[in-house]
There are 2 protein chains.
Amino acid sequence: MSRNGIRNFAVGLSLALLAGSSGSAQQSGGAAAERNVRQERLWLTLEKLGEFGKNPEGGVSRVGFTEEDLAGRAYVMGLMREAGLEVRVDAAGNIFGRRAGRENLPVLLFGSHIDSVPHGGNFDGDVGSLSAIEVIRALGEHKVTTRHPLEVVIWSNEEGGRYYSGLFGSSAAAGILPAEVAGRKDEKGETLGNWLARMGGVGARIAEAKIAPGRVAGYVELHIEQGATLDEAKTPIGVVQGIVGISLRYCTVVGFANHAGTTPMNRRRDALAAAARAVLALREEVRAEPGRQVGTVGELKLEPGASNVIPGRVVFSVELRDLDADKIARIGERIQRRLEIIGKEENVAIACTEADLHRPALTAPAFQEAIRASAREAGLATMDLPSGAGHDAQNVARFAPVGMIFVPSRGGISHSPLEFTPPEAVANGAEVLYRAVLRLDGVLDK
Amino acid sequence: MSRNGIRNFAVGLSLALLAGSSGSAQQSGGAAAERNVRQERLWLTLEKLGEFGKNPEGGVSRVGFTEEDLAGRAYVMGLMREAGLEVRVDAAGNIFGRRAGRENLPVLLFGSHIDSVPHGGNFDGDVGSLSAIEVIRALGEHKVTTRHPLEVVIWSNEEGGRYYSGLFGSSAAAGILPAEVAGRKDEKGETLGNWLARMGGVGARIAEAKIAPGRVAGYVELHIEQGATLDEAKTPIGVVQGIVGISLRYCTVVGFANHAGTTPMNRRRDALAAAARAVLALREEVRAEPGRQVGTVGELKLEPGASNVIPGRVVFSVELRDLDADKIARIGERIQRRLEIIGKEENVAIACTEADLHRPALTAPAFQEAIRASAREAGLATMDLPSGAGHDAQNVARFAPVGMIFVPSRGGISHSPLEFTPPEAVANGAEVLYRAVLRLDGVLDK
């Protein structure tokens, strides 16, 4: 069956929302087309998943490798089986649910994660994960078969709450986890390997979770934006151009810790005054050229840190992000020159570490176009934008072409109980995911 | 015996140093006059005291209420008894050594402290304490009697290393210690009262250590400058105008902690950027008028403090010092206005606590003049200057007139193993103390 001309089975709330739709899936204008996914059903699973690790103040704490995470995974695996998926867990705890394809082709993969930061929200990861399962349910209802086998994936420990800095499961798939990771212990002495065993993984075999290039035809991830661009522009669908590169370095200012009472103002070598100038110089240099690049000093620690002692030493982080690695390097060099001037003028030494650089991960143009066309078909406006946050898609991009769909985050708030994306906006994303998967199934020749 | 025409008994090193002196104690020119105190003997006691709590890297850790402090106190009490003083310890652990006077007059008090900061030097406190004892030895050698009874005092826990923030013993003498202080426990659960008992004090009777106005005719403290003013001016004696007032407040900047990757530069409410502007504004406002006032941001803490999160909250200290309380208030108000502007421009809230104000403690003009005249008599140039650091003298000023003599600190370094004042400079201070005590004994009429 083709991906067009599919009947709409939406009921209840989604029926009301669809009341103004024209009924033509081909339509590309402003009105909503018929939906293949069912908004209310999807929303109910989002609400149900939010019960696992629910916090009194709202939102969830469903940190990877905790009891709450295990409970949420069990719920999601149940949904996957109900939708007819064949579920397996790889050595790194990633959950895969497979739906057979008509042809002998590599897998078309889509999904996200369900773990959260501590005191996080109900949308980061959950929207993409549960929408992927809704897509499977809708395909079943519409009796759609695909050329490629489809797999829904729930990556383990995306937020990096425990044992690892983040993107754990997709790092295993990309083969970039350190060998010793399964032996790492938490504050209670419990190993990551032990958690993996409880999740159906095998710490000793994490290397086997690596996915070789060619095994996956492509990967699509739906996610909330975690920024305010779409919300402010009132644009329902973001076509992600790529996941920004991140340059992180630490700079140390060494002045001289001296008595705050006996050291005249003109004899000071105040490491904090120099660091304050550096914080402002960074902001100026990031703003000095047009574009969406950002720069942040998020950490700053001083020594000795007493009200009556001039700070002798300050260490601060310098983080730069952009889709363009050259731009990151250029701004970094300008900041470095500013730091040299500040060091001389303040009579302090400023030295920075080499930048720890995560290169930008660009999405495949064919995937961007599939998402754009799918949204157009569904009557939804799109905007191209970068992802300022990291996503599992950036690891998948190491072994397969990827695309990402964003839906708006209200007020741009994320990693917070206040995180919110309305039911219709979630369903818009799921609908575009449904259509993009079918579109890619049609156009990808391997 | 009068305080003039005293023979000089200096030998060895001090003889060599005095080779160029004229022999006239009345001389007020550039050449050194005959010394009443003995430089080599004084220096040897400084070296010996430095054995208690000595650190491998140099200097001492002789923190108040530690075994090292107890050992140093025992050594100093021995010196006091050898010099003929009648030694007693008050309830707060202050050591007093008394030498009788000819008339029924209040006590003329002089001394300092012997406790140190952790990893401190051999001069802060020690110079004034051991010079006071040398003055007693010299008075004995020269068979000088005084009208007033003299007392050498060694104040307990001046540096505030344990249990209390500083100036412990002189705070007891001023009657400003909190009632519960003796019950305070250290990390091992040992009470301050227990240490006091080991020192000869009585925790339950700390209130009795209070010295009533009228019991002390005056107090003179010799101390190293702990700043670089005298050292750079190559001036041997500082006449302290007073101990600066200190205004301390804490300011809190509340912005919004948001994702460092997804929040555009023009949508940020960055608490650290605002705090950085505040740090620089403080420095500008302190420098905006002539004078010796100083202002310092010595503490600064941010939340959440992750490289990938825009700081949402920053707390920093604002400390201002000057001899003139009005000037402190005026600069504080200007800083407050700057903070209001920064808050508006950065779209953050900035609120500061009420200033915790230690008012300036001025020295008595008659004491300043006695010190100035004594130095002139000894052929030593003087400079009037404020004390930017706190001293026990500021507490004594609450119940008696005070004077302070400064000697140079090499490079202005203090609270460090590198703290150094050469033997001759120490002896210069002791000589001025000797002469000032006798001069005040002559002029004070009560």
When a/c reaches 1.5 or more, the comparison of a/b and b/c decides; with that in mind, is the stretch B:38-186 rounded, prolate or oblate per its Cα gyration tensor? oblate
I want to verify a result. In a Gaussian network model of chain A, Cα cutoff 10 Å, which of these has the top mean-square fluctuation: A:P311, A:P408, A:P149? A:P311
Residue order, fewest to most surrounding Cβ atoms within 10 angstrom, among B:W43, A:W195: B:W43, A:W195
Gap in Å between the Cα centre of the stretch B:277-342 and the Cα centre of the stretch A:327-366? 28 Å
For the stretch B:231-243, take each phi angle, set θ = phi - 60°, evaluate the Karplus expression 6.51 cos²θ - 1.76 cosθ + 1.60, and give the result in whole Hz per residue in order, putting x for glycine and proline. 4, 6, 7, 6, 10, x, 10, x, 9, 6, 6, x, 9
Which of these, A:R435, A:R269, A:R162, has the largest mean-square fluctuation under a Gaussian network model of chain A (Cα springs below 10 Å)? A:R269
Suppose you put the label 7 Å out from Cα in the Cβ direction; list, shortest first and in nm with one decimal, how far A:N347 is from each other copy's label. 4.0
In whole Å, how far is the Cα centre of the stretch B:168-196 from that of the stretch B:49-91? 19 Å
Could you work out which residue, out of A:I341, A:I206, A:I237, moves most in a Gaussian network model of chain A, that is, has the largest mean-square fluctuation with Cα springs under 10 Å? A:I341
Quick one: which residues, 5+ away or cross-chain, put their amide H under 5 Å from the amide H of A:Q241? H built at 1.01 Å from N. A:L385, A:S387
Just going by the charge dipole of chain B, with Lys and Arg at +1 and Asp and Glu at -1 on Cβ, which of B:A204, B:V253, B:T296 is farthest out on the positive end? B:A204
Sorting from shortest, the nanometre distances separating the label point of A:A288 (7 Å past Cα along the line to Cβ) from those of the same residue in the other copies are 2.9
Which residues does the label zone of B:K188 cover in the stretch B:67-100, counting backbone N under 17 Å from a point 7 Å along Cα→Cβ? B:67-72
Would you tally the net charge around A:I413, using a Cβ to Cβ cut-off of less than 11 Å, leaving A:I413 out, and scoring K and R as +1, D and E as -1? -3
Lys and Arg at +1, Asp and Glu at -1: neighbours of A:I335 with Cβ under 13 Å from its Cβ sum to +3
Final fewest-first order of B:D392, A:D441, B:D270 on the 10 Å Cβ neighbour count is A:D441, B:D270, B:D392
For B:D324, go 7 angstrom from Cα along the Cα-to-Cβ vector, then report the distances to that same point in the other copies in nm, smallest first. 5.4
Closest approach to the axis - chain B beta-carbon, rotation onto A, Å: B:A276, 2
Going from the fewest other Cβ atoms within 10 Å to the most, one would list B:Y75, B:Y164 as B:Y75, B:Y164
What residues qualify as long-range amide H neighbours of B:A217, i.e. H under 5 Å apart, gap of 5 or more or another chain, H built at 1.01 Å from N? B:V107, B:L108, B:L109
May I ask you to list the aspartates and glutamates whose Cα is less than 12 Å away from that of B:K301, ignoring any residue fewer than eight positions away on the same chain? A:E299, A:E303
Gyration tensor (alpha-carbon) shape descriptor, the stretch A:170-322, a/c threshold 1.5: oblate
How much of the DSSP bridge set in chain A is antiparallel, in percent, rounded to the nearest 5? 65 percent
Among residues other than A:V294 whose Cβ falls under 13 Å from its Cβ, what is the net charge (Lys/Arg +1, Asp/Glu -1)? +1
Per its Cα gyration tensor (rounded if a/c is under 1.5, else prolate when a/b beats b/c, else oblate), chain B is best filed as prolate
So what is the calculated 222 nm ellipticity per residue for chain B, using -39500 (n - 2.57) for each DSSP H run with n of 4 or more, over all residues, to the nearest 500 deg cm²/dmol? -10500 deg cm²/dmol
Among the lysines, select those whose C-alpha is under 22 Å from the C-alpha of A:K210, and discard any that sit fewer than 8 residues away in the same chain. A:K446
Give me, ordered by chain and number, the residues 5 or more places off A:R147 or on other chains with an amide H under 5 Å from its own placed amide H. A:R102
Rounded to whole Hz, the Karplus (6.51, -1.76, 1.60) HN-Hα couplings of the stretch A:258-273, x for glycine and proline: 9, 5, 5, x, 10, 9, x, 4, 8, 10, 8, 10, 8, 5, 6, 4
Theoretical FRET efficiency, 1/(1+(r/R0)^6), r = Cβ-Cβ of B:D384 and B:E82, R0 35 Å, to 0.05: 0.45
Distance in nm between pseudo-label sites at B:A325 and B:E369 (7 Å out along the Cβ direction from Cα): 2.5 nm
Give a residue-ordered list of calculated ³J(HN,Hα) values for the stretch B:430-436 (Karplus: 6.51 cos²θ - 1.76 cosθ + 1.60, θ = phi - 60°; whole Hz; x for Gly, Pro). 5, 5, 5, 4, 3, 5, 5
Where both residues lie in the protein assembly as shown, what percent of DSSP beta bridges are antiparallel, nearest 5? 65 percent
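We did not get these values from a lab; they are worked out from the coordinates using the rules stated. Bear in mind the structure is a predicted one, so any value in this text is a computation, not a measurement. As a convention, Cβ positions derive from the backbone with ideal geometry for all residues, glycine included, and neighbour counts pool all protein chains shown.
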